[in-house]
Amino acid sequence: MNSDTIMYGVFGDPVRHSKSPVMLNRAFRETGINAAYAAFHVTPDRLGEAVKGIRALGFGGVNVTIPHKQAVMEWLDEIDEDARAIGAVNTIVVRDGKLIGYNTDGIGYVRSLAEETGFRPSGKRVLLIGAGGAARGVAFALAKERPAAIHIANRTKERALDLAAYIGRFTECSGHSLAELDDIPAADLIVNTTSAGMHPNVDEMPVDEGWMTRHVGAGTTVSDLIYNPLTTRFLKAAAARGARTHSGLGMFVYQGAYAFEYWTGRPAPTAAMREEVERALR
Ligand code: NAP
(Lines give C-alpha, C1' and ligand atoms only; values in the text may rest on other atoms or scores of the structure.)
Protein backbone atom coordinates (compact mmCIF):
# COMPACT_ATOMS: atom_id res chain seq x y z
CA MET A 1 0.00 0.00 0.00
CA ASN A 2 1.16 3.51 -0.70
CA SER A 3 -0.36 6.96 -1.27
CA ASP A 4 -2.01 5.83 -4.53
CA THR A 5 -3.77 2.79 -3.06
CA ILE A 6 -7.53 2.82 -3.66
CA MET A 7 -9.61 1.44 -0.81
CA TYR A 8 -12.51 -0.99 -1.07
CA GLY A 9 -14.28 -2.98 1.61
CA VAL A 10 -17.35 -4.70 2.99
CA PHE A 11 -19.80 -3.18 5.48
CA GLY A 12 -21.58 -5.70 7.70
CA ASP A 13 -22.72 -6.51 11.24
CA PRO A 14 -21.24 -8.99 12.07
CA VAL A 15 -18.42 -8.95 9.54
CA ARG A 16 -15.35 -10.62 11.07
CA HIS A 17 -16.25 -14.01 9.51
CA SER A 18 -16.27 -12.50 5.99
CA LYS A 19 -14.07 -14.16 3.36
CA SER A 20 -14.46 -11.17 1.00
CA PRO A 21 -11.21 -9.43 2.11
CA VAL A 22 -8.96 -12.43 1.35
CA MET A 23 -10.80 -13.05 -1.93
CA LEU A 24 -10.74 -9.45 -3.24
CA ASN A 25 -7.19 -8.69 -2.06
CA ARG A 26 -6.04 -11.77 -3.98
CA ALA A 27 -7.94 -10.47 -7.04
CA PHE A 28 -6.18 -7.07 -6.79
CA ARG A 29 -2.77 -8.74 -6.32
CA GLU A 30 -3.37 -11.12 -9.22
CA THR A 31 -4.28 -8.28 -11.61
CA GLY A 32 -1.60 -5.85 -10.36
CA ILE A 33 -4.17 -3.24 -9.32
CA ASN A 34 -3.00 -0.93 -6.52
CA ALA A 35 -6.01 -1.38 -4.25
CA ALA A 36 -6.82 -2.85 -0.85
CA TYR A 37 -10.00 -4.34 0.62
CA ALA A 38 -10.94 -4.47 4.32
CA ALA A 39 -13.88 -5.56 6.49
CA PHE A 40 -15.69 -2.71 8.28
CA HIS A 41 -17.94 -3.50 11.23
CA VAL A 42 -20.77 -1.02 10.66
CA THR A 43 -23.77 -1.13 13.01
CA PRO A 44 -27.21 -0.14 11.62
CA ASP A 45 -27.21 3.22 13.47
CA ARG A 46 -23.90 4.21 11.77
CA LEU A 47 -24.75 3.00 8.25
CA GLY A 48 -25.54 6.49 6.88
CA GLU A 49 -22.26 7.91 8.23
CA ALA A 50 -20.32 4.95 6.83
CA VAL A 51 -21.84 5.41 3.35
CA LYS A 52 -21.01 9.13 3.41
CA GLY A 53 -17.45 8.08 4.28
CA ILE A 54 -17.16 6.15 0.99
CA ARG A 55 -17.31 9.45 -0.88
CA ALA A 56 -15.43 11.50 1.71
CA LEU A 57 -12.48 9.09 1.79
CA GLY A 58 -12.38 8.49 -1.96
CA PHE A 59 -13.10 4.73 -1.82
CA GLY A 60 -13.45 2.92 -5.16
CA GLY A 61 -16.51 1.03 -3.92
CA VAL A 62 -17.80 -1.32 -1.25
CA ASN A 63 -19.78 -4.47 -0.74
CA VAL A 64 -22.67 -4.45 1.68
CA THR A 65 -23.77 -7.53 3.58
CA ILE A 66 -26.19 -8.60 6.33
CA PRO A 67 -28.09 -6.68 7.73
CA HIS A 68 -27.62 -3.63 5.47
CA LYS A 69 -28.61 -4.79 1.96
CA GLN A 70 -32.03 -3.10 2.03
CA ALA A 71 -31.35 -0.17 4.38
CA VAL A 72 -28.34 1.05 2.40
CA MET A 73 -30.54 1.91 -0.60
CA GLU A 74 -31.80 5.15 0.93
CA TRP A 75 -28.23 6.54 1.10
CA LEU A 76 -27.32 6.01 -2.57
CA ASP A 77 -27.53 8.41 -5.55
CA GLU A 78 -28.68 5.80 -8.06
CA ILE A 79 -29.84 2.19 -7.94
CA ASP A 80 -29.50 -0.18 -10.87
CA GLU A 81 -32.87 -1.34 -12.24
CA ASP A 82 -32.34 -5.02 -11.30
CA ALA A 83 -31.16 -4.17 -7.77
CA ARG A 84 -34.28 -2.03 -7.36
CA ALA A 85 -36.44 -4.91 -8.60
CA ILE A 86 -34.75 -7.33 -6.16
CA GLY A 87 -35.04 -4.73 -3.39
CA ALA A 88 -31.46 -5.17 -2.17
CA VAL A 89 -27.97 -3.83 -2.92
CA ASN A 90 -24.76 -5.75 -2.21
CA THR A 91 -22.31 -3.68 -4.27
CA ILE A 92 -21.76 0.09 -4.36
CA VAL A 93 -19.77 1.57 -7.23
CA VAL A 94 -18.41 5.13 -7.10
CA ARG A 95 -18.72 6.64 -10.56
CA ASP A 96 -18.09 10.35 -11.25
CA GLY A 97 -18.57 11.03 -7.54
CA LYS A 98 -21.95 9.26 -7.47
CA LEU A 99 -22.76 6.20 -5.38
CA ILE A 100 -24.52 3.60 -7.52
CA GLY A 101 -26.05 0.44 -6.04
CA TYR A 102 -26.05 -2.98 -7.76
CA ASN A 103 -27.00 -6.50 -6.78
CA THR A 104 -24.52 -9.16 -7.95
CA ASP A 105 -25.81 -12.08 -5.79
CA GLY A 106 -28.38 -13.50 -8.24
CA ILE A 107 -26.32 -13.00 -11.41
CA GLY A 108 -23.32 -14.41 -9.55
CA TYR A 109 -25.38 -17.52 -8.78
CA VAL A 110 -26.54 -18.02 -12.39
CA ARG A 111 -23.01 -17.50 -13.77
CA SER A 112 -21.46 -19.97 -11.35
CA LEU A 113 -24.20 -22.53 -12.09
CA ALA A 114 -23.54 -22.23 -15.84
CA GLU A 115 -19.74 -22.30 -15.51
CA GLU A 116 -19.55 -25.11 -12.96
CA THR A 117 -22.35 -27.44 -14.09
CA GLY A 118 -23.27 -26.27 -17.62
CA PHE A 119 -26.90 -25.96 -16.45
CA ARG A 120 -28.92 -23.42 -18.49
CA PRO A 121 -32.24 -22.50 -16.83
CA SER A 122 -34.01 -21.69 -20.12
CA GLY A 123 -37.08 -23.95 -20.52
CA LYS A 124 -36.28 -25.86 -17.30
CA ARG A 125 -38.38 -26.43 -14.16
CA VAL A 126 -36.85 -24.98 -11.02
CA LEU A 127 -37.64 -25.62 -7.35
CA LEU A 128 -36.37 -23.13 -4.79
CA ILE A 129 -36.47 -24.20 -1.15
CA GLY A 130 -36.59 -21.08 1.03
CA ALA A 131 -37.89 -17.57 0.46
CA GLY A 132 -35.50 -15.27 2.34
CA GLY A 133 -33.24 -12.49 1.06
CA ALA A 134 -30.89 -14.74 -0.94
CA ALA A 135 -33.84 -16.56 -2.53
CA ARG A 136 -35.20 -13.26 -3.84
CA GLY A 137 -32.03 -12.37 -5.78
CA VAL A 138 -31.58 -15.92 -7.07
CA ALA A 139 -35.26 -16.24 -8.10
CA PHE A 140 -35.13 -12.92 -9.94
CA ALA A 141 -31.92 -13.84 -11.82
CA LEU A 142 -33.29 -17.31 -12.70
CA ALA A 143 -36.61 -15.81 -13.85
CA LYS A 144 -34.73 -13.60 -16.32
CA GLU A 145 -33.27 -16.77 -17.93
CA ARG A 146 -36.79 -17.81 -19.08
CA PRO A 147 -37.29 -21.11 -17.19
CA ALA A 148 -40.49 -23.11 -17.83
CA ALA A 149 -41.55 -22.49 -14.21
CA ILE A 150 -40.22 -21.66 -10.76
CA HIS A 151 -41.79 -23.25 -7.70
CA ILE A 152 -40.92 -21.84 -4.28
CA ALA A 153 -41.41 -23.81 -1.05
CA ASN A 154 -40.73 -22.27 2.34
CA ARG A 155 -41.16 -23.18 6.02
CA THR A 156 -43.29 -20.03 6.42
CA LYS A 157 -45.74 -20.40 3.54
CA GLU A 158 -46.74 -16.69 3.40
CA ARG A 159 -43.18 -15.71 2.48
CA ALA A 160 -43.20 -18.27 -0.38
CA LEU A 161 -46.53 -16.89 -1.61
CA ASP A 162 -45.26 -13.28 -1.42
CA LEU A 163 -42.09 -14.07 -3.35
CA ALA A 164 -44.00 -16.19 -5.90
CA ALA A 165 -46.48 -13.35 -6.50
CA TYR A 166 -43.57 -11.04 -7.24
CA ILE A 167 -41.57 -13.49 -9.42
CA GLY A 168 -44.83 -14.36 -11.21
CA ARG A 169 -44.51 -11.02 -13.03
CA PHE A 170 -41.52 -12.43 -14.92
CA THR A 171 -42.20 -16.16 -15.29
CA GLU A 172 -44.67 -18.86 -14.24
CA CYS A 173 -44.26 -19.18 -10.47
CA SER A 174 -46.04 -20.76 -7.50
CA GLY A 175 -45.55 -20.63 -3.71
CA HIS A 176 -45.91 -23.56 -1.26
CA SER A 177 -45.22 -24.70 2.27
CA LEU A 178 -42.56 -27.37 2.89
CA ALA A 179 -45.41 -29.77 3.73
CA GLU A 180 -46.66 -29.40 0.13
CA LEU A 181 -43.32 -30.35 -1.45
CA ASP A 182 -44.61 -33.74 -2.61
CA ASP A 183 -47.33 -32.04 -4.70
CA ILE A 184 -44.84 -30.01 -6.74
CA PRO A 185 -43.97 -31.45 -10.17
CA ALA A 186 -40.45 -32.88 -10.65
CA ALA A 187 -37.81 -30.19 -11.09
CA ASP A 188 -34.67 -30.13 -13.26
CA LEU A 189 -32.94 -27.81 -10.78
CA ILE A 190 -33.47 -27.85 -6.99
CA VAL A 191 -31.86 -25.06 -4.98
CA ASN A 192 -31.56 -24.86 -1.21
CA THR A 193 -31.65 -21.16 -0.37
CA THR A 194 -32.33 -21.73 3.35
CA SER A 195 -29.71 -21.62 6.08
CA ALA A 196 -30.56 -25.20 7.16
CA GLY A 197 -27.26 -27.12 7.12
CA MET A 198 -25.01 -24.10 7.49
CA HIS A 199 -22.14 -24.25 9.99
CA PRO A 200 -22.48 -25.02 12.91
CA ASN A 201 -25.84 -26.78 12.22
CA VAL A 202 -24.28 -29.13 9.69
CA ASP A 203 -26.66 -32.03 10.46
CA GLU A 204 -29.75 -30.05 9.37
CA MET A 205 -31.44 -30.48 5.97
CA PRO A 206 -34.21 -28.32 4.51
CA VAL A 207 -36.08 -31.48 3.34
CA ASP A 208 -36.08 -35.10 4.53
CA GLU A 209 -34.17 -38.00 2.99
CA GLY A 210 -37.42 -39.69 1.89
CA TRP A 211 -38.37 -36.67 -0.21
CA MET A 212 -34.88 -36.67 -1.74
CA THR A 213 -35.30 -40.31 -2.75
CA ARG A 214 -38.65 -39.57 -4.43
CA HIS A 215 -37.60 -36.36 -6.22
CA VAL A 216 -33.85 -36.47 -6.91
CA GLY A 217 -32.16 -38.62 -9.54
CA ALA A 218 -29.47 -38.74 -12.20
CA GLY A 219 -31.20 -36.06 -14.30
CA THR A 220 -31.45 -33.53 -11.46
CA THR A 221 -29.07 -30.66 -10.73
CA VAL A 222 -29.04 -29.87 -7.02
CA SER A 223 -27.58 -26.68 -5.72
CA ASP A 224 -27.01 -25.21 -2.26
CA LEU A 225 -26.28 -21.53 -1.56
CA ILE A 226 -24.41 -22.52 1.60
CA TYR A 227 -20.61 -22.65 1.22
CA ASN A 228 -19.64 -23.36 4.82
CA PRO A 229 -19.43 -26.35 4.82
CA LEU A 230 -18.52 -26.69 1.14
CA THR A 231 -20.52 -29.91 0.89
CA THR A 232 -23.71 -29.77 2.96
CA ARG A 233 -25.66 -32.80 4.14
CA PHE A 234 -28.28 -31.83 1.49
CA LEU A 235 -25.67 -31.97 -1.32
CA LYS A 236 -24.27 -35.27 -0.01
CA ALA A 237 -27.78 -36.74 -0.06
CA ALA A 238 -28.29 -35.47 -3.63
CA ALA A 239 -24.96 -36.86 -4.83
CA ALA A 240 -25.83 -40.24 -3.27
CA ARG A 241 -28.93 -40.29 -5.53
CA GLY A 242 -26.87 -39.60 -8.68
CA ALA A 243 -27.62 -35.87 -9.00
CA ARG A 244 -25.15 -33.31 -10.31
CA THR A 245 -24.33 -31.00 -7.38
CA HIS A 246 -23.29 -27.36 -7.10
CA SER A 247 -22.15 -25.66 -3.87
CA GLY A 248 -22.61 -22.03 -2.78
CA LEU A 249 -18.90 -21.29 -3.10
CA GLY A 250 -19.33 -20.44 -6.78
CA MET A 251 -22.08 -17.92 -6.04
CA PHE A 252 -19.87 -16.26 -3.45
CA VAL A 253 -16.91 -16.13 -5.87
CA TYR A 254 -18.96 -14.78 -8.77
CA GLN A 255 -20.87 -12.15 -6.77
CA GLY A 256 -17.39 -10.89 -5.84
CA ALA A 257 -16.19 -11.27 -9.43
CA TYR A 258 -19.02 -9.08 -10.75
CA ALA A 259 -18.26 -6.47 -8.05
CA PHE A 260 -14.57 -6.53 -9.05
CA GLU A 261 -15.51 -6.13 -12.72
CA TYR A 262 -17.92 -3.23 -12.02
CA TRP A 263 -15.25 -1.47 -9.94
CA THR A 264 -12.23 -2.00 -12.18
CA GLY A 265 -13.59 -2.70 -15.68
CA ARG A 266 -11.22 -5.71 -15.80
CA PRO A 267 -12.08 -9.44 -15.95
CA ALA A 268 -11.96 -10.99 -12.48
CA PRO A 269 -9.34 -13.72 -11.82
CA THR A 270 -12.01 -16.16 -10.64
CA ALA A 271 -9.79 -19.25 -10.31
CA ALA A 272 -7.41 -17.43 -7.96
CA MET A 273 -10.33 -15.94 -6.02
CA ARG A 274 -11.87 -19.39 -5.54
CA GLU A 275 -8.53 -20.86 -4.46
CA GLU A 276 -8.14 -18.13 -1.83
CA VAL A 277 -11.62 -18.67 -0.36
CA GLU A 278 -11.14 -22.44 -0.30
CA ARG A 279 -7.86 -21.94 1.54
CA ALA A 280 -9.53 -19.58 4.07
CA LEU A 281 -12.38 -22.06 4.64
CA ARG A 282 -9.91 -24.90 5.27
P1 NAP B 1 -32.74 -15.16 5.43
O2 NAP B 1 -33.20 -13.98 4.66
O3 NAP B 1 -32.66 -15.10 6.93
O4 NAP B 1 -33.68 -16.42 5.02
C5 NAP B 1 -33.51 -17.67 5.63
C6 NAP B 1 -34.38 -18.71 4.92
O7 NAP B 1 -34.07 -19.98 5.46
C8 NAP B 1 -35.88 -18.51 5.10
O9 NAP B 1 -36.54 -18.97 3.95
C10 NAP B 1 -36.17 -19.42 6.33
O11 NAP B 1 -37.50 -19.84 6.39
C12 NAP B 1 -35.28 -20.58 5.98
N13 NAP B 1 -34.87 -21.43 7.11
C14 NAP B 1 -34.04 -21.09 8.13
N15 NAP B 1 -33.86 -22.16 8.94
C16 NAP B 1 -34.59 -23.18 8.42
C17 NAP B 1 -34.80 -24.54 8.81
N18 NAP B 1 -34.22 -25.05 9.89
N19 NAP B 1 -35.60 -25.31 8.03
C20 NAP B 1 -36.17 -24.80 6.92
N21 NAP B 1 -36.02 -23.52 6.51
C22 NAP B 1 -35.23 -22.73 7.26
O23 NAP B 1 -31.26 -15.61 4.99
P24 NAP B 1 -30.59 -15.40 3.53
O25 NAP B 1 -29.80 -14.14 3.55
O26 NAP B 1 -31.62 -15.62 2.50
O27 NAP B 1 -29.51 -16.60 3.52
C28 NAP B 1 -29.92 -17.94 3.36
C29 NAP B 1 -28.71 -18.83 3.11
O30 NAP B 1 -28.08 -18.46 1.89
C31 NAP B 1 -27.62 -18.74 4.20
O32 NAP B 1 -27.15 -20.04 4.46
C33 NAP B 1 -26.53 -17.92 3.56
O34 NAP B 1 -25.24 -18.27 4.01
C35 NAP B 1 -26.68 -18.33 2.09
N36 NAP B 1 -26.16 -17.30 1.18
C37 NAP B 1 -25.11 -17.64 0.38
C38 NAP B 1 -24.59 -16.69 -0.49
C39 NAP B 1 -23.44 -17.08 -1.37
O40 NAP B 1 -22.76 -16.18 -1.91
N41 NAP B 1 -23.21 -18.34 -1.59
C42 NAP B 1 -25.12 -15.39 -0.54
C43 NAP B 1 -26.21 -15.09 0.29
C44 NAP B 1 -26.72 -16.06 1.17
P45 NAP B 1 -38.63 -18.93 7.16
O46 NAP B 1 -39.06 -17.89 6.17
O47 NAP B 1 -39.69 -19.89 7.49
O48 NAP B 1 -37.94 -18.34 8.37
Fill in: Under the Karplus curve 6.51 cos²θ - 1.76 cosθ + 1.60, θ = phi - 60°, whole-Hz ³J(HN,Hα) for the stretch 260-265, x wherever Gly or Pro sits
4, 5, 5, 6, 9, x
Worksheet item: Which length gain, in nm to one decimal place, applies between residue 156 and residue 279 when the Cα-Cα distance is subtracted from 0.36 nm times their residue separation?
Response: 40.7 nm
Worksheet item: Quick one: Karplus J couplings for the stretch 225-234, per residue in order, coefficients 6.51, -1.76, 1.60, θ = phi - 60°, nearest Hz, x for Gly and Pro?
Response: 6, 5, 10, 9, x, 5, 10, 7, 4, 4
Fill in: Extension gain, residue 165 back to residue 95 (0.36 nm per residue minus Cα-Cα distance, nm)
21.8 nm
Worksheet, complete the sentence: Helix 157-167: inclination vs the chain longest Cα principal axis, degrees, rounded to 10, gives 70
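Residues of the stretch 69-160: accessible area per residue at 1.4 Å, in Å²? Provide the component values of the computation, followed by the final result.
Values: 3850 Å² over 92 residues.
That works out to 42 Å² for each residue.
Under a point-charge model restricted to the Cβ atoms of Lys and Arg (+1) and Asp and Glu (-1), what is the dipole moment magnitude of the stretch 33-122 relative to its Cα centre, in debye to the nearest 20?
Values: 9 positive and 12 negative charges, 28 e Å.
For the stretch 33-122, the charge dipole is close to 140 debye.
Calculate the dipole size of the chain relative to its Cα centre from +1 charges on Lys and Arg beta carbons and -1 charges on Asp and Glu beta carbons; express the result in debye to the nearest 20. Mind showing how you got there, number by number?
On the way: 31 positive and 32 negative charges, 77 e Å.
Computed charge dipole of the chain: roughly 360 debye.
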Worksheet entry | the stretch 64-116 and the stretch 193-235: distance between their alpha carbon centers, rounded to Å | 27
Worksheet item: Of all the accessible heavy-atom surface of the chain, with the other protein chains kept in place and a 1.4 Å probe, what percent is carbon and sulfur?
Response: 48
Item to complete: Figure the gain on full extension for residue 230 and residue 218 (residue separation times 0.36 nm, minus the Cα-Cα span) and round it to one decimal in nm.
Response: 2.2 nm
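The values are calculated or read from the model by the stated rules, or taken from the named source; none is laboratory data. Predicted model, so just to flag it, every value in this text is computed and none were measured. In this analysis, Cβ positions are derived from the backbone assuming ideal geometry, glycine residues included, and neighbour counts consider all displayed protein chains. Please note that ligands, DNA and RNA were not included when accessible areas were found on the heavy atoms of the full protein model with its side chains. Shrake-Rupley method; radii C 1.70, N 1.55, O 1.52, S 1.80 Å.
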